[in-house]
Amino acid sequence: MSELNLILLGPPGAGKGTQAERLVGDFDLPYYATGEILRAAVTEESGLGRKAKQYLDRGDLVPDEVICEVVIDRIDSSEAADGFLLDGFPRTTPQAQLLEKALAERDRSLTAVLQIEVSDEEVLRRLSGRRICTKGGHVYHLEFDPPKNEGYCDQDGSPLIQRDDDKPETVTHRLEVFHEQTSPLIKHYEDDGVLRRFDGARSPTEVHDHIRATIATLRLEDEL
Ligand SMILES: [Zn+2]
């Protein structure tokens, strides 16, 4: 069986987490969300983790080389021998080039970059409608999944709040940063012929079916 080396791309609110969960189940791949593996490396106090911590403690951005090393460290582990699913890395073209170089040195390459496309308006609608319960972290949506009593959690009666991350002005800013960074990245992967687009306005099940069909086709092509 050939390797399945995948990257998930998409704006906040595109449902990447949901798709990742399903793909991990389908293909038994390890899922590396960069923020999480970076935090894990810092907690484990590995050599790399200590390196990353120096930057984080100073409030600086962790340099591309260090993030890439942390990611490659995971890719080199036995659990990723048949493939992996990356989310949150690469974010920029220089990061993508570092990753490609590291993969090439290992005689590996990307199978596909799965881009979940969602319009800014839809992202804004999805995120700014979210409300979180202050006690148990239960999640509601004013439009798609409203609580029975406005402003209060159905399960424990605690007040619901809107996280700062979900406020419209913050979402708009996050989207601006996202487009600025990923437009060149998307072009890069398009030029490489590895980009596959999915309509994130569709239901999670439809998106998932489409991704699975695409991967099945890629595998068939690979065997020919
Ligand atoms: Zn609650």
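For residue 145, indicate whether it is closer than 20 Å to residue 18 by Cα, away from the ligand (no atom under 16 Å from the Cβ) and of a type in the set (D, E, K, R). Write out each step before concluding.
Details: closer than 20 Å to residue 18 by Cα: yes; away from the ligand (no atom under 16 Å from the Cβ): no; of a type in the set (D, E, K, R): yes.
The answer is no for residue 145.
Number of residues in the range 152-171 that are within 11 Å of the ligand (Cβ to nearest atom) and charged (D, E, K, R) equals 2. A Cβ distance below 6 Å, combined with a sequence gap of six or more or placement on separate chains, defines the contacts here; from the range 147-160, residues that are in contact (Cβ under 8 Å) with a residue 24 or more places away in the chain reach residues that are more than 9 Å from the ligand (Cβ to nearest atom) and assigned to a strand (DSSP E or B) in the pairs 160/131.
Taking residue 56 as the residue in question, decide whether it is in contact (Cβ under 8 Å) with a residue 24 or more places away in the chain and aliphatic (A, V, I, L, M). No; evaluated as a whole, the condition is false for this residue. The selection criterion, being open to solvent by 70 Å² or more (accessible area, probe 1.4 Å) and under 30 Å from residue 101 (Cβ atoms), holds for residue 190. The set of residues in the range 15-35 that are of a type in the set (Gly, Ala, Ser) and open to solvent by less than 10 Å² (accessible area, probe 1.4 Å) contains only 20. Taking the criterion of being buried (at least 16 other Cβ atoms within 10 Å of the Cβ) and polar (S, T, N, Q), would at least one residue in the range 209-223 satisfy it? No, the range 209-223 has no match at all. Cβ-Cβ distances below 6 Å connect the following pairs, each with a first residue in the range 190-218 that is in contact (Cβ under 8 Å) with a residue 24 or more places away in the chain, a second residue that is open to solvent by 50 Å² or more (accessible area, probe 1.4 Å), and a separation of six or more residues or different chains: 197/117; 198/210; 200/117; 204/18; 208/22; 214/196. Filtered by the rule that a residue be within 17 Å of the chain's Cα centre (by Cα) and open to solvent by 40 Å² or more (accessible area, probe 1.4 Å), the range 36-63 gives 36, 39. What are the residues in the range 94-142 that are surrounded by fewer than 16 Cβ atoms within 10 Å (Cβ to Cβ) and within 16 Å of the ligand (Cβ to nearest atom), if any? Correct list: 134, 135, 136, 137, 139, 141, 142. On the stretch given as the range 1-31, residues that are closer than 29 Å to residue 129 by Cβ and under 14 Å from the mean Cα position of the chain (by Cα) total 19. Among the residues of the range 197-217, which ones are touching a strand residue (DSSP E or B) at 6+ places or on another chain (Cβ under 6 Å) and either part of a loop (DSSP other than H, G, I, E, B) or farther than 14 Å from residue 14 by Cβ (or both)? 200, 214 - these are the residues of the range 197-217 that are touching a strand residue (DSSP E or B) at 6+ places or on another chain (Cβ under 6 Å) and either part of a loop (DSSP other than H, G, I, E, B) or farther than 14 Å from residue 14 by Cβ (or both).
The values are calculated or read from the model by the stated rules, or taken from the named source; none is laboratory data. Because the structure is a prediction, the values reported are computed rather than measured. No Cβ is skipped: glycine too gets one built from the backbone with ideal geometry, and neighbour counts run over all protein chains shown. Keep in mind that these areas ignore ligands, DNA and RNA; they rest on the heavy atoms of the full protein, side chains included. Shrake-Rupley method; radii C 1.70, N 1.55, O 1.52, S 1.80 Å.
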